[in-house]
Amino acid sequence: MSLRLIFLLYLLVWSFQLPAQSYPPVPELPVPASFTANLPRTTSLLTSTENPPRQVRVLVYGQSISMQTWWQQVKQFLQQRYPNVQLVMENRAIGGFSSDRLKWMVANDVVPFYPDLILFHDYGNEPDYEQIIRTIRSQTTAEVIIQTDHIGIGQNEEWHDRHGNVWMPALCDKYGLALLDVRAAWKAYLAQNQLKPGKLLSDNVHLNEHGNHVMAQIVQRYLEALPKRAEELANTVRVLRSGRDFSPKNRTIRLPVTGNRIDIVWRAAADSVQPVAVTIDGQRPSTHLAGYYYSRPALKPTGFFLNRIGQLLVIRLGGKPQAEDWTLTVTAVDTIRQQLQFSVSGSRTGEDGTGRSDQPFISRSGRMQIDSTGWFRRKNPGDFRQFPWLKPGDSLHWRVFSAGQDTCQPGKEAVTTIVQGIANTEHRLALSGKGIRAIQEIRVYQPPLRP
């Protein structure tokens, strides 16, 4: 082996041993008691020692700041801190979608995932911000952490201070949210380390590597304040146990329930029983339109869904529901008027009509309904200027699916969601079949805001 090759191999090995860039740590923070007081179920789930492990669903939501890499560091922190639970953590934030845009997306982004905890940050006007919170609190049982704004460059500092110090605390009191004061911690970090705001930013507002490090550590400091153990409160999720709250009669369980989601928890080792038939209010879950959702319409099946002006964002499902794949094909585009023409078709429905983006559209079957406000347009000439327009021949694809199940039985998962998305009111649940002997618990989810 030549000396040159040996030297190059040495440099390669040495480069992998270089320490990662280190930054001053964020010190312990004065986390108020109200933060942990508004996260009782999250604490109970994260500290659970059940076997099989309890699943904990965490959603990061908001816009571009929430999309940055700090959330991955927080995910690693949670996995290491709570190894006895099954953490399912996703990020569905949308860059550039301040509250006036994000309010249209939240019902179909957040509700199908039905998280236990949401880490939320968004810019924009306060009435639309509150509408997002109302949607979350009325359609899910998720506990919510809202993050105040960090320090940027060229911002209206007086507005952001009032927003974080006055309006957000009042919002948290009104809806039972946990306030994570990023702004105060950010200011303290800058002062302690004698840094200008730009040292943590890649532009006027987005975080560089150092900024992502600081954001992750601030969030972690707050999460470290959660108690080591907490009993689960039954104010939003009611747990009904076999033999105590219900007993089968003639291979049937009938229960009055109040909420918008129902889970079955199976007994351990229940893997060879007969199916269980499900009805809610006398009907199979698949017949309830409210239990259907759609995936984000996209040009490609993988990658971030939003990359063209003119994309379809918001759909209303109607007609007789069924699970199937849908396609919207662009037939004409007018970029000056910001309008397009299209046709839609379903994999089971078939060709289902044509329409224009400047007019309300109802497909022939009634299953697809689109308002003229449901399209991604520029608000001004410079808005999302990095995105080109859709062009004729482009096709958007999405999937319509039911969150409920007409029949179920134990499988790989210890918990099965049988009903979701129905109105948050009183219902009649019926379960029947030989398989009901394998049911250990029934969990009924009741969002804190009622209709």
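Peptides 126-132, 43-49, ordered by how many other C-beta atoms sit within 10 Å of their residues on average, highest first, read 43-49, 126-132.
Evaluating 6.51 cos²θ - 1.76 cosθ + 1.60 at θ = phi - 60° for every residue in the stretch 378-394, the Karplus couplings come out as 7, 7, 8, x, x, 6, 6, 5, 6, 9, x, 7, 4, 10, x, x, 5 Hz, glycine and proline recorded as x.
Modelled label positions at Ser295 and Asp325, each set 7 Å beyond Cα in the direction of Cβ, lie 0.8 nm from each other.
If you roll a 1.4 Å probe over the heavy atoms of the protein chains, what accessible area per residue do you get for the stretch 254-338, in Å²? Don't skip to the end; give the middle numbers.
On the way: 3990 Å² over 85 residues.
Heavy-atom accessible area per residue stands at 47 Å².
Under the membrane-span-like helix rule (DSSP H runs whose alpha carbons stretch at least 18 Å along the helix axis, mean Kyte-Doolittle hydropathy -0.5 or higher), the chain yields 3-16. Applying the criteria of a DSSP loop state and at most 14 other Cβ atoms within 10 Å to the trypsin sites (Lys or Arg not before Pro) of the stretch 397-439 yields Lys412. Label-to-label distance, Ser347 versus Gln274, with points set 7 angstrom from Cα along the beta-carbon direction: 3.2 nm. Counting only protein heavy atoms and using a 1.4 Å probe, what share of the accessible area of the chain belongs to carbon plus sulfur, as a whole percent? The C+S portion of the solvent-accessible surface of the chain is 51 percent. The distance separating the Cα centre of the stretch 360-429 from that of the stretch 117-176 comes to 25 Å. Take the residue pairs Lys174/Lys379; Lys75/Lys320; Lys103/Lys320; Lys75/Lys187; Lys75/Lys199; Lys103/Lys300 and return only those whose Cα atoms are more than 28 Å apart. Lys174/Lys379; Lys75/Lys320, as the Cα separations exceed 28 Å there. Applied to the stretch 404-415, the Karplus parametrisation 6.51 cos²θ - 1.76 cosθ + 1.60 on θ = phi - 60° returns per-residue 3J(HN,Hα) values of x, 9, 6, 9, 8, 6, x, x, 5, 8, 7, 10 Hz, with x for Gly and Pro.
The heavy atoms of His397 offer some 90 square angstrom of accessible surface to a 1.4 angstrom probe. Between Gln283 and Ala37, the distance separating the two model label sites (each 7 Å from Cα on the Cα→Cβ line) works out to 4.2 nm. Fully extending the segment from Asn204 to Arg244 would add 8.6 nm, taking 0.36 nm per residue of separation and subtracting the current Cα-Cα distance.
For the stretch 48-65, putting each phi into the Karplus relation 6.51 cos²θ - 1.76 cosθ + 1.60 with θ = phi - 60° gives couplings of 5, 10, 5, 10, x, x, 6, 7, 10, 9, 10, 10, 9, 9, x, 10, 4, 4 Hz, in residue order, rounded to whole numbers and with x for Gly and Pro.
So between Gln55 and Glu426, what do we pick up on full extension, going 0.36 nm a residue minus the alpha carbon distance? Can you show the working numbers first?
Values: separation 371, 0.36 × 371 = 133.56 nm, distance 2.64 nm.
That pair, Gln55 and Glu426, stretches by 130.9 nm at full extension.
The values are calculated or read from the model by the stated rules, or taken from the named source; none is laboratory data. The structure displayed is predicted, hence computed values, not measured ones. Glycine gets a Cβ as well: all are built from the backbone with ideal geometry, and neighbour counts include every protein chain shown. Ligands, DNA and RNA are excluded from the accessible area calculation, which covers all protein heavy atoms including side chains. Shrake-Rupley method; radii C 1.70, N 1.55, O 1.52, S 1.80 Å.
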